[in-house]
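The values are calculated or read from the model by the stated rules, or taken from the named source; none is laboratory data. Predicted model, so just to flag it, every value in this text is computed and none were measured. Neighbour counts run over all protein chains shown; Cβ positions are idealised from the backbone, glycine included. When the accessible area is computed, the model is the full protein with side chains, heavy atoms only, and any ligands, DNA or RNA have been set aside. Shrake-Rupley method; radii C 1.70, N 1.55, O 1.52, S 1.80 Å.
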Amino acid sequence: LFGSGDIAVFNHYGATEIGSIALDGKVNQDLKVKLLEIPEQGIHSPQGELCIYLDPENPNGSVFEGYYFDDHCKEAMTDDGYYRTGDIAEWIGDSAKGEIQIVGRVSSIVKLSNGKFES
């Protein structure tokens, strides 16, 4: 609790395509995640791009079915069905506990809420 104890503060991480991914570093247990190494950018285990498996059999595990323009969808997906968040994460402690910390972005270009892009 924060301050006088009347306000609870949480670190909630999610994506428009997926919804809730992690709360206070703990990955949603309904999601299957992996960290994808990006050697060309010098990103190696225990860090990697956070990828979420899109499981059509588990409606609690994902909400995203694809993009309107398929070419963007191909870039956002791995060959084995994982959605690439574009965020660099690292496992906190034992990866089996499912705790992550976001440490950066794959791309330094970010789209702001006003529609402008900034790096």
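Going by what's in this entry, would Val106 be described as open to solvent by 30 Å² or more (accessible area, probe 1.4 Å), of a type in the set (A, V, I, L, M, F, W, C), modelled with pLDDT of 85 or more and on the phi < 0 side of the Ramachandran plot? Yes, satisfied. When the stretch 53-98 is limited to residues that are farther than 19 Å from Asp30 by Cα, surrounded by 11 or more Cβ atoms within 10 Å (Cβ to Cβ) and among the hydroxyl-bearing types (Ser, Thr, Tyr), the one that is modelled with the lowest pLDDT turns out to be Tyr67. Pairs meeting the criteria (first residue in the stretch 78-98 and on the phi < 0 side of the Ramachandran plot and aliphatic (A, V, I, L, M), second residue open to solvent by 20 Å² or more (accessible area, probe 1.4 Å) and part of a loop (DSSP other than H, G, I, E, B), beta carbons under 7 Å, at least 6 apart or on different chains) are Ile88/Val106.
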